[in-house]
Amino acid sequence: MADRHPTLLQPYSERAKTASHPLCKYLFRLMDLKASNLCLSADVTTARELLTLADKLGPTIVVLKTHYDLISGWDYHPTAGTGAKLAALARKHGFLIFEDRKFVDIGKTVQMQYTAGTARIIEWAHITNANIDAGKDMVRAMAEAAANWKARIHYEVKTSVSVGTPLADQFENGTDSNSLGADDRDSDGRKGSIVSITTVTQSFEPADSPRLAKTNEAGDDLVFPGIEEAPMDRGLLLLAQMSTKGCLMTKDYTQACVEAARENKEFVMGYVAQQSLNSTPSDTFIHMTPGCKLPPTDEENGHIEGDGLGQQYNTPDKLINLLGTDIVICDRKLPCTNCVSRNKQASCQYESGAYPTVSRLDAVDAQSLTTTTTTPLDLTSASASSSADIALNTFGYAQGTTTTTLSFLQQLDDSAAASASSAALPPSTEYPPALNQRYKSLLRQLPPKSYISKLVPIYFRDFNWIYATLDHAHFQSQLSAFHSLPFSVLSSPSAVPHELRPFPALLFQMCAIALLTVPDEGHKDFDGLKYAGGMSFEDLAAEYSDSGVQVLQVLGKRGMSLNTVLAGFLRGSYLKYSGLVTESWHAVQEAVRDGMEVGLHRGPREGDIGRRVWMTLVVWDVHMACVLGRPTTIGLDVVDQVKLPSEEGKGNNGAGLPTPLGRALYQFRAIRLMRDILELEKLGANGPRERVDQLHGELQDIWREIPGWLRLKDPDRAWDDHPECAWLPAARVLMSQVLSFELMALHRPYVFTRTDSRKEALKASLEMLDAQRLHFALLKRNMYKTFSLFFGTFDAVVLMTTIYILFPKEHPDLLQPALQHFQWAVERFEAMSGRNPLAKAALGVLHAIRLRLDRSLGERAKPSPASEPASTGSSGNAWDDTPPTSLDPSPGPPSTGRLAEERHTSSFSATEYPPSSSQHPSIDGAAPEDAGDFNWSLPTDFDWASVQPIFATGDLIYGNLSGTAAAGADALSGTNGGQNITTAWGDGLTQGEWQFEGDFGSDSVWSLFNNFPSAV
C-alpha cells in the first residue's frame, strides 16, 4: 500500500488542499510551514515539566502528545488551568495538542469522558484517539459529542480600533507624501495638520476558543506567524496498529478501523499505525507512528534495540520513506534516547529554527518574519551537502532551510563545541524594529493628558489608600517626567529612561481601575474615551488593562524596574476588583517574582517606596493563599524578613494625622500572624492546642490595640471631616474584616474536633458578616464584582452554618443573629448576582446548605421577624457616601458614611473581643452533641479529625462547587437560573433533595453533607 497510494507522492502543501478533515488540512500546512513532522511524546509527571517542555520544544514540533492522567498538579480550571495554558503555547509555537486517551467504552460513557468530567479533554485537546474494541458505534458517539460541542460555541466579531498620531515614516512613503503637497492648505493659507489616524479592523472568531482567559497576561494574543489559529474542529485518531511486541491487534481489527474511519470522515482524521493505511483514491487520512529512533552512530543500517518493556523501534527512514507514515512520535528525554545511543549526550539540544512568534496585533514586515537566529549548518564536504539535498527531496522537504526535522537530527551529530559557541552568542541590547513599533503604538492608546489628570485622582482617592502602595508625590514627579519626554525618545523603549519604560503600563492599569468606578449612566466627563457605540467604561477599562500587559510583554523580563512590579500588582488589583480571582492570583504571583527579580526582598534601593511595594506583595500573597487554600509564592519565612517603610506620619489617637500608610502598617502586623496560621494548618486537626491558644491571644492583643481612628466599634472620629481622611470610614470596615478572617482561619481546622474553636469561629464569622454588611452598604453597584465583597460573606456563612448543621444544640445564644445574617447574605448575593458570577454560583450552594440547616434545627431554624433588605449605594465614587436607609430606619436627612457607622448596631459586638480565655477540651471522637432534632447518626467510631478544613471560596472557584437539585427535586421558581431564594425562610418553597457537586474529596465537608438528608 505504501508505495502505491498517490498521497505518498505529494508534498505536504498539496495534501493540505486535498485533505477532507479541517485539522488534517491545518496540520499539513503546519508541517509545510515549519518543515517538521515531529510529534513529541511528553510523558512527564508534573504540570510544570509539561508546560516547560511544551514551551521549549514547541517551535520544533507540529504535535504534542500528552497523558493528562500522568500529571500531578493538573489544574482543571477551564480558562486558566493546565489545558488552557497548553492551548496558549500551541498557538504561540504552532503545534496541535494530541491527548493520548485511548478511549474504549460504550458510547454514552465515552461521550461523557470526552466532553465532561474533570479534564474536559475536548476543550483543550485538538486531537484524541480511541481503540475500537468496543465497536464502531463508539466512534459515531464521539463524533456526535464533538459536533454537539462545536454547535454550542458562540462566535463573535472582534473589532480592533487604534487611534493615534501618524508615524513619521508614514509621511515619507510616496503615497502619503503626495497627499501632503503644497496645494493641500486651508483657505487661510495655513497648511492642514493631521491630528490622528484611526484604523478599524474586524475578525470573525470563536468566542469560546480553548484559550486562556482574555485577562490572562501569559501571552494569549501570541500566534505562530504564517498561519492562523487552529480551527475549532476536533479530530480522532483510531488506534489501528501498535509498535509493542506481541500486540493483539489483528488484521481484521485494523480493517475495522479503516471502515470506521471512512464512515466518520467528518471526525476521524487518521490513524496511529505502523504504515500507511490509505488504499482508495478518496483516502486522505493522516498517519502517526510511535517507536521512532535513530540507529547507532555510523551504523545507519544497524540494529535498534527496544526499551525492554515491549516497545519496538523503527528508523525515520523506514517509517517515512518505506512505510509511508506522515508524523513520527519521538521520545521526550533530554538528552534524548537518540543522543544517548549515538554517544552525543553533550551536544543534545532542542533548537528552534522556526520563525519568531509575534502578536497577531503587530504589523511586522515579511523580512523580520523570516529572520532566524539559528546558525546555518556548515557541511564539511560537497558530498555531505549533496547527500543532505537528496535526503530532503526524499522526505518531501524544501531545500535551503535549516529548520527541517532532518536538519535538526543532523545538527545533533555536530560537535559539542560548535553547539556551545552558537548558544553563547550574547543577546542584543537593542529592541528589534517590530517591538519599537509596537511600543509606540501602545503609547498612542493611552488616554490624553486631560483625561489622565482626572483618572489619576480617582485612583488615589478610591483605591490607593487600601494598601498605600503608591507614593503620590513620587508618582506625580514620574508622571511629569514621562509627559516631558520628546516624541523622538518614545520611538524606542531603549531611548526611554530605564525607570520610565514600564511607566505607561502603570498608567494603563491606574486608568483601568479608576474607570471601574465611573457609571455609564449620567456621567459625561469620560464619554470622549469611548470609540464605539454601546461601549461601557468596563469595556474600556478591560482594554486599558490589557494594553498595560502588552507594554510589559514588549519590554520583557530583562532590565525590569520598580514600575514593572507596580504595573503587575495593579494588574492583579484590577482583576480582583473585576471578580477574576484565579487570574488575579496568577498576576500577583508574577508580580512577586518580578519583585524578587529587582531585589525588593533584600531591602530595595528605592528605600521606603520599594518597601511599601514589597510589604503589599507579601500581604497579598499570604492572604490569598489563606483564603483560597493555595500555596504562597514566597517562603513563609520571608514574612518576618520584610523591611517595613518608615512609620513617620503613621498617625494614632493622640499624635499626627492618620495616613493610609499607618493603616497598611497596622494591617501588616495582623497579616504577619497569618504566616503562623498557615504553618499550623499543615499539622491538621491535631495541631498543638497551646499554639492555637497563643496565636488566639496575640490576635486578641491586636484587636484590643487597634487605634481609635481605625476601630469599627466606638471609633475616634476626630479626623473624619478632614479632607485627607475621607477614606477612614471604609478603612474601619476593612480592618475589621482582616482580623475577623484571621480568627476564622485560625480555628477552622478544629471546628469538627474542639468545642471552643467552634465558638470562636462562630463569633468571628458573625463579626465578619457584620463588617461585610456595612461594606456592601458603602459600595456602589458597579463595584459588586470586587472579590472582597464576596469571599468574606461566603466563607463566614459556610463556616457558621456548618457548625449549626453538625452541632445544632451548641451556642443557642448566637443562633438568631446567625440565622438573620444568613438571610441578609442571601439577599446581598441576589443583588450582586447580576454582576458577580461567584455570587450567582454561591446561591445554589447556600440553598443546599439552608435545606440542611432547616433539617438540623427544626422549628428553631426561623429567624426573628426583623429583617433589613439588601440595599445599594449610589454615589459617584467607589465608596458610597450615602448608605441605605435600611441602616437608619428613623426619618431624617440622608445619612453620611460616618452616621451610618454610629447607627450600626452589631449583631455581635466587637467589644466582646477579646473573649475570656478558656481551656481547650479534649478532641472528641464523635459529635459532642446529638447531630440534630432528627435521627441522623454517624458511626460510633467516626473520626471527626479526618474531615478537611473548609475553604469555601477556594472550593467554589477551583473545585466548581455547586448546589444541584437531584432527580425528582422541585426546582425553585424565579430568577437566577432557577435558584431564587429571595426569602430564605419564606413560604411556598418546596424542599427537594439537593446535593453538592464539584471536585472535592470524600474527606471534605461537602461529601459529609451529601450524606446528610436535606429533604423532609
Within the set of pairs 6+ apart or on separate chains, which have a first residue in region 948-961 that is over 18 Å from Tyr750 (Cα atoms) and in contact (Cβ under 8 Å) with a residue 24 or more places away in the chain, a second that is basic (Lys, Arg) and assigned to a loop (DSSP other than H, G, I, E, B), and C-beta atoms under 9 Å apart?
-> Gly954/Arg630; Tyr958/Arg630
Would you point out the residue of region 623-644, among those that are free of Cβ contacts under 8 Å to residues at least 60 places away in the same chain and under 12 Å from Gln589 (Cβ atoms), that is surrounded by the fewest Cβ atoms within 10 Å (Cβ to Cβ)?
-> Pro631
Filtering region 262-288 down to residues that are in contact with a Phe, Trp or Tyr (Cβ under 7 Å, 6 or more places away or on another chain) and assigned to a loop (DSSP other than H, G, I, E, B) yields Leu277, Asn278, Phe285
Count - residues of region 589-617 that are assigned to a helix (DSSP H, G or I), in contact (Cβ under 8 Å) with a residue 40 or more places away in the chain and not charged (D, E, K, R) | 9
Pull up region 493-516, narrow it to residues that are in a loop (DSSP other than H, G, I, E, B) and over 24 Å from the mean Cα position of the chain (by Cα), then point me to the one that is surrounded by the most Cβ atoms within 10 Å (Cβ to Cβ).
-> Arg501
List the pairs whose first member sits in region 755-778 and is closer than 16 Å to Val826 by Cβ, whose second member is β-branched (Val, Ile, Thr), and whose Cβ atoms are under 6 Å apart, counting only residues at least 6 apart or on separate chains?
-> Gln772/Thr793
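Matching residues to (1) modelled with pLDDT of 90 or more; (2) assigned to a strand (DSSP E or B); (3) over 27 Å from Asp75 (Cα atoms):
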| site | (1), (2), (3) |
| --- | --- |
| Ile122 | yes, no, no |
| Arg140 | yes, no, yes |
| Ala145 | yes, no, no |
| Trp149 | no, no, no |
| Ile153 | no, no, no |
| Glu156 | no, yes, yes |
| Val161 | no, yes, yes |
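When you go through Ser867, Ser856, Ser906 one by one, which is the residue that is assigned to a helix (DSSP H, G or I) and at pLDDT below 90? Even if it seems obvious, please write down each step before you answer.
On the way: Ser867 fails: assigned to a helix (DSSP H, G or I); Ser906 fails: assigned to a helix (DSSP H, G or I).
The match here is Ser856.
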Only one of Ala42, Ala87 is within 22 Å of Phe103 (Cα to Cα), modelled with pLDDT of 85 or more and touching a Pro at 6+ places or on another chain (Cβ under 6 Å); which?
-> Ala87
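Picking from Thr244, Thr250, which residue would you name as being of a type in the set (Val, Ile, Thr) and either surrounded by 20 or more Cβ atoms within 10 Å (Cβ to Cβ) or modelled with pLDDT under 85 (or both)? Working first, answer last.
Numbers: Thr250 fails: either surrounded by 20 or more Cβ atoms within 10 Å (Cβ to Cβ) or modelled with pLDDT under 85 (or both).
Being of a type in the set (Val, Ile, Thr) and either surrounded by 20 or more Cβ atoms within 10 Å (Cβ to Cβ) or modelled with pLDDT under 85 (or both) holds for just one of Thr244, Thr250, which is Thr244.
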Evaluate region 568-575: report whether one residue or more is surrounded by fewer than 24 Cβ atoms within 10 Å (Cβ to Cβ) and either closer than 24 Å to Ala541 by Cβ or without any contact (Cβ under 8 Å) to a residue 40 or more places away in the chain (or both).
-> no
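Yes/no matrix, rows are residues, columns are (1) under 20 Å from Met674 (Cβ atoms); (2) in contact with a helix residue (DSSP H, G or I) (Cβ under 9 Å, 6 or more places away or on another chain); (3) at pLDDT 90 or above:
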residue	(1), (2), (3)
Ala745	yes, yes, yes
Arg748	yes, yes, yes
Val751	yes, yes, yes
Phe791	yes, yes, no
Leu799	yes, yes, yes
Ala818	no, yes, yes
Leu838	no, yes, no
Could you tell me which numbered condition Asp105 fails, if it satisfies all but one of (1) in a loop (DSSP other than H, G, I, E, B); (2) in contact with a Lys or Arg (Cβ under 8 Å, 6 or more places away or on another chain); (3) of a type in the set (Asp, Glu)?
-> (2)
Please identify the pairs in which a residue from region 475-494 that is in contact (Cβ under 8 Å) with a residue 12 or more places away in the chain has its Cβ atom under 8 Å from the Cβ atom of a residue that is assigned to a helix (DSSP H, G or I) and of a type in the set (Asp, Glu), counting only partners at least 6 apart or on another chain.
-> Gln478/Glu499
Which residue out of Ala19, Ala47 is in contact (Cβ under 8 Å) with a residue 40 or more places away in the chain and of a type outside the set (Lys, Arg)?
-> Ala19
When Tyr114 is evaluated against the numbered criteria (1) within 29 Å of Cys257 (Cα to Cα); (2) not in a helix (DSSP H, G or I), which criterion, by number, is the only one it fails?
-> (2)
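The values are calculated or read from the model by the stated rules, or taken from the named source; none is laboratory data. Values in this document were obtained by computation on a predicted structure and should not be read as measured data. Please note: Cβ atoms are built from the backbone with ideal geometry, for glycine as well, and neighbour counts cover all protein chains shown.
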